[in-house]
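One structure below.
The values are calculated or read from the model by the stated rules, or taken from the named source; none is laboratory data. Keep in mind that this is a model prediction, so the values were computed, not measured. Neighbour counts run over all protein chains shown; Cβ positions are idealised from the backbone, glycine included. For accessibility, only protein heavy atoms count, side chains too; no ligands or nucleic acids. Shrake-Rupley method; radii C 1.70, N 1.55, O 1.52, S 1.80 Å.
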Amino acid sequence: MQNTALNVIYMNTYRLLISCPDAHGLVSKVSQFIFKRDGNIKEAHHHLDEQNKHFFMRIEIESNLTCSFDEFQQEFAQLAQKYQMNWQMNDVRKLKRVLIMGSKSSHCVADLLHRGHESEMEAQIIGVLSNHDKLKKLASWYDVDFKKVDINKDTKVSDMAKMMDTVDAFQPDVIVLARYMQIIPKSMCDKYSGKIINIHHSFLPSFVGANPYERAAQRGVKLIGATCHYVTSELDEGPIIEQDVLRVNHSDSAEEMQQMGQDIEKVTLAKGLQYHLEDRVLICNNKTIVFS
């Protein structure tokens, strides 16, 4: 379902993202380019990585441009070539197509579906894909397409191929692993580089595997939290988008820690996804610049 409320709010708004080697007067050059075409800079952020001498910029343009969107991009390409820019320009009215992938845990999936239903995200949620049936009823309640692809140990290679075909059929702009408990194949990581977002608890690498909260409680941890990051072929090592923590103590049981941890996971994933949807994240090597 197209989010018409957000379309009204962001009518004639474009976002320009730039990363390039540092050069004198970059902010001025880009600003003048926009000004000469009657664009109004609604929001602007920039950052210089001093160590690598690399420049990053995000500009939100409230537009009554004297040229079309396509013409603006064609003309800007000349400036971009001169300064060796990697850049993209997005029309905010074109909502990104979001595919949610989950397994048995429903807390993150339910939270994202509700936020989408209430127009709290700049997104068009196009489906829920799972390797279990548990999320089917939840997706149906929100009138979101549900697909199940079993992943079995004995037929894992062919099952993963079917899963990837199903993902491709959705034609997503963003894939959210909302506690999807399968390792994404390298070919899929490469194909959707910078477009797959994952959430996990903050205990990695200390408490890998099942029952991390029980083991954390036994160890007497003082902080629990969550990490939202882009997915790469290196398991849980992708660029971090957002993190959050909560202090706990000896009086908190493993069950209470798990509930608090799930709450943090929901908020952290939603915030990280929103940063991506709002074009606030630029990737540099294995870290991110987030203009929050």
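Might you let me know whether region 115-124 holds any residue that is at positive phi and under 21 Å from the mean Cα position of the chain (by Cα)? So that I can check it myself, show each step before the final result.
Within region 115-124, the first condition is being at positive phi, and the residues that meet it are 119.
If we keep only those that are under 21 Å from the mean Cα position of the chain (by Cα) too, we end up with 119.
Taking every residue of region 115-124 in turn, at least one turns out to be at positive phi and under 21 Å from the mean Cα position of the chain (by Cα).
Go through region 265-281 and give me each residue that's in contact with a Ser or Thr (Cβ under 8 Å, 6 or more places away or on another chain) and surrounded by 22 or more Cβ atoms within 10 Å (Cβ to Cβ).
Thr268, Val281
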Discussion item. Yes or no: region 92-101 includes at least one residue that is of a type in the set (Val, Ile, Thr) and modelled with pLDDT under 95.
Written reply: yes
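Any residue at all in region 227-236 that is on the phi > 0 side of the Ramachandran plot and crowded, with 17+ Cβ neighbours inside 10 Å? Steps first, answer last, please.
So the first thing to find is which residues in region 227-236 are on the phi > 0 side of the Ramachandran plot, and the list is 236.
Now narrow it down to the ones that are crowded, with 17+ Cβ neighbours inside 10 Å: none.
Checked region 227-236: no residue is on the phi > 0 side of the Ramachandran plot and crowded, with 17+ Cβ neighbours inside 10 Å.
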Discussion item. Being small (Gly, Ala, Ser) and without any contact (Cβ under 8 Å) to a residue 40 or more places away in the chain narrows it down to one residue among Ala123, Ala110; which is it?
Written reply: Ala110
Practice prompt. Could you tell me whether region 176-185 includes any residue that is surrounded by 22 or more Cβ atoms within 10 Å (Cβ to Cβ), in contact with a His (Cβ under 6 Å, 6 or more places away or on another chain) and under 30 Å from Gln88 (Cβ atoms)?
Written response: no
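With respect to Leu282, is the statement that it is of a type outside the set (Val, Ile, Thr), assigned by the TED database to the domain that holds Leu112, assigned to a strand (DSSP E or B) and under 12 Å from the mean Cα position of the chain (by Cα) true? Step through it out loud before you land on a result.
Details: of a type outside the set (Val, Ile, Thr): yes; assigned by the TED database to the domain that holds Leu112: yes; assigned to a strand (DSSP E or B): yes; under 12 Å from the mean Cα position of the chain (by Cα): yes.
In short, yes.
Listed here are the residues, each with its yes/no results for (1) in contact with a strand residue (DSSP E or B) (Cβ under 7 Å, 6 or more places away or on another chain); (2) under 26 Å from Cys228 (Cα atoms).
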{"site": "Ser19", "(1), (2)": "yes, yes"}
{"site": "Ala23", "(1), (2)": "no, no"}
{"site": "Cys67", "(1), (2)": "no, no"}
{"site": "Gln81", "(1), (2)": "no, no"}
{"site": "Arg93", "(1), (2)": "no, yes"}
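Inspect all residues belonging to region 62-71 and state whether any of them is under 25 Å from Leu273 (Cα atoms) and not basic (Lys, Arg).
Step one: of region 62-71, the residues under 25 Å from Leu273 (Cα atoms) are 62.
From what is left, the residues that are not basic (Lys, Arg) are 62.
Yes - at least one qualifying residue is present in region 62-71.
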Discussion item. I'm told Ser206 meets every condition in (1) modelled with pLDDT under 90; (2) polar (S, T, N, Q); (3) open to solvent by less than 10 Å² (accessible area, probe 1.4 Å) except one. Can you identify the failing condition by its number?
Written reply: (3)
Discussion item. Go through region 32-55 and report how many residues are closer than 20 Å to Val281 by Cα and either among the polar types (S, T, N, Q) or open to solvent by 20 Å² or more (accessible area, probe 1.4 Å) (or both).
Written reply: 13
Response to the item:
Picking from Cys284, Cys189, the residue that is within 17 Å of Gly102 (Cα to Cα) and in contact with a Ser or Thr (Cβ under 8 Å, 6 or more places away or on another chain) would be Cys189
Response to the item:
Picking from Ile224, Ile240, Ile197, the residue that is touching a His at 6+ places or on another chain (Cβ under 8 Å) and at pLDDT below 90 would be Ile224
Worksheet item: How many of the residues in region 124-169 are closer than 18 Å to Ile184 by Cα and either of a type in the set (Asp, Glu) or open to solvent by 20 Å² or more (accessible area, probe 1.4 Å) (or both)?
Response: 20
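In the set Arg97, Arg58, Arg115, which member is buried (at least 20 other Cβ atoms within 10 Å of the Cβ), in contact (Cβ under 8 Å) with a residue 12 or more places away in the chain and within 21 Å of Val281 (Cα to Cα)? Let's see the steps before the verdict.
Working: Arg97 fails: buried (at least 20 other Cβ atoms within 10 Å of the Cβ); Arg115 fails: buried (at least 20 other Cβ atoms within 10 Å of the Cβ).
Every option except Arg58 fails the conditions.
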Discussion item. Can you find, within region 237-264, the residue that is surrounded by the fewest Cβ atoms within 10 Å (Cβ to Cβ) among those that are out of contact with any strand residue (DSSP E or B) (no Cβ under 7 Å at 6 or more places or on another chain) and of a type in the set (S, T, N, Q)?
Written reply: Ser251
